[in-house]
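See below for the structure under consideration.
The values are calculated or read from the model by the stated rules, or taken from the named source; none is laboratory data. For clarity, every value in this text was computed on a predicted model and none was experimentally measured. Here the Cβ is made from the backbone with ideal geometry for all residues, glycine too, and neighbour counts use every protein chain on show.
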Amino acid sequence: MKIDPEKCTGFEACIPYCTVGAIHLEKEKGISVIDPDECVECGVCYRANVCPTDAIERVELKFPRSLRGAFSDPLTVHKDTGIPGRGTEEMKTNEVTGRIRRGHAGVAMELGRPGVGTRFRDVDILAQAVAKVGVTFEPKNPVTFLMMDKETGKLREDILNEKVLSAIIEVDVEMNKLETLLRVIKETAPKLDTVFSLDLICKVGPQGEIETLPIAQKAGFTPRPNTKNNLGFGRPLAKEE
Ligand code: SF4
């Protein structure tokens, strides 16, 4: 995104709309500018339609910058997964997709939030750390598509400086490795220059037991159990093999 300096009058109406604080007023010139390094190409300032002189312009994004729009603009569809937004249906849809089987846990690490964002450099650090535990990266996740090596979790070098609003690493892990994985995530968190939340997914037992909860508590987390009902998305529920 860019602001045409010829059209901008420094009205500042766009500034509060920026999701990461990338727009500022250049007082000496009396115009607003977008910091291209901080802008995540979410399109909010443009769609807000608050500029009285239509000075905000979309620019064509080439790879790797195009990743910013793909991960940050909810109206952009990921070409790899065909899903808009962060590009994954996430493991929260497990009752329909059946991705996580009994005896396994799904772990999603959601890096970045509006106001903060995340760079792929941080996604790379966390992905490589969790890979060492022996996890399977979710194949239909757009972050997995950016890996040079799905065994090590290493992301492509040319994307590491790209900043996005949010990106989700999703893994499938055997339940007996979950505690180790959670401890690794805890140890890695201080190395990341962003915030992230953690989702734990498992099949609920016949008596309503949730196997991941005591493991998360043992690893030093305070989980908040909740549920999301997807009503099948028009598809039948997944069956255990
Ligand atoms: S596209 Fe998004 S991140 Fe970039 S300047 Fe506009 S609101 Fe801010």
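What the table shows:
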read-out: Number of the condition not met by residue 92 [criteria: (1) surrounded by fewer than 19 Cβ atoms within 10 Å (Cβ to Cβ); (2) under 30 Å from residue 138 (Cβ atoms); (3) not assigned by TED's automatic domain parsing to the domain that holds residue 169]; value: (3)
read-out: Residue satisfying condition, being among the small types (Gly, Ala, Ser), touching a Lys or Arg at 6+ places or on another chain (Cβ under 6 Å) and more than 9 Å from the ligand (Cβ to nearest atom), within set 70, 55, 108; value: 55
read-out: Verdict on residue 38 being within 30 Å of residue 187 (Cβ to Cβ), part of a strand (DSSP E or B) and within 20 Å of the chain's Cα centre (by Cα); value: no
read-out: Selected residue (only one of 174, 157, 151 is closer than 27 Å to residue 115 by Cα and of a type in the set (Asp, Glu)); value: 157
read-out: Selection status of residue 40, within 11 Å of the ligand (Cβ to nearest atom) and touching a residue at least 60 places away in the same chain (Cβ under 8 Å); value: yes
read-out: Test for residue 29: is it of a type outside the set (S, T, N, Q) and closer than 30 Å to residue 142 by Cα; value: no
read-out: Pair list, Cβ under 9 Å, 6 or more apart: the range 1-26 residue within 17 Å of residue 44 (Cα to Cα), other residue within 9 Å of the ligand (Cβ to nearest atom) and hydroxyl-bearing (Ser, Thr, Tyr); value: 1/46; 14/46; 19/72; 20/72; 23/17
read-out: Residue in the range 177-190 that is under 22 Å from residue 64 (Cβ atoms) and crowded, with 22+ Cβ neighbours inside 10 Å present; value: no
read-out: Residue match in the range 53-71 (condition: at pLDDT 85 or above, crowded, with 22+ Cβ neighbours inside 10 Å and not in a helix (DSSP H, G or I)); value: yes
read-out: Flag if residue 76 is of a type in the set (Ser, Thr, Tyr), within 15 Å of the ligand (Cβ to nearest atom), under 15 Å from the mean Cα position of the chain (by Cα) and crowded, with 19+ Cβ neighbours inside 10 Å; value: yes
